[in-house]
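The numbers here are math on the coordinates, done by the rules we state, and not lab data. This structure is a prediction, so every number in the text was calculated from the model and none was measured. Cβ sites come from the backbone with ideal geometry, for glycine too, and all protein chains shown count toward neighbours.
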């Protein structure tokens, strides 16, 4: 999906629509569904990568707002990278 050549008004409309889809299998990968701790990782991903992470998180009941080690591992597994490339797990307070 290439949204690079659409107006800001159109992009805002797509973002608002996709916000309604967060937490459903209709999610398009445009809107943010993650909390502050994940933003540096998630905002640089493609729409397809975001959809994949969202889908698997939805299937597992994953909370993307409150950081957890298990969520970081899910993201790293789906991105096929070492979790240590994404976050220092010693700093994640798993409560």
Test of understanding: in a Gaussian network model of the chain with alpha carbons linked when under 10 Å, which of 35, 13, 57 would top the mean-square fluctuation ranking?
13
Using a 7 Å offset from the Cα along the Cα-to-Cβ direction at both residue 92 and residue 68, what is the distance between the two label points in nm, to one decimal?
1.0
How far is helix 47-60 tilted off the main Cα axis of the chain, in degrees rounded to 10, range 0 to 90?
50
Extending each Cα 7 Å along its Cβ direction at residue 80 and residue 26, get the distance between those two points in nm, one decimal.
3.2
Pairs of Cα atoms under 8 Å, at least six residues apart: use those to get the relative contact order of the stretch 38-95, whole percent.
31
Which of the peptides 85-91, 26-32, 16-22 is most tightly packed, and how do the rest follow, going by the mean number of other Cβ atoms within 10 Å of each residue?
26-32, 16-22, 85-91
How much length, in nm to one decimal, is gained on full extension between residue 19 and residue 48, taken as 0.36 nm per residue of separation minus their Cα-Cα distance?
8.8 nm
What angle do you read, to the nearest 10 degrees and between 0 and 90, between the alpha-carbon axis of helix 69-79 and the longest principal axis of the chain?
60
Taking the alpha-carbon set of the chain, what are its Rg and Dmax in Å?
13.8, 43
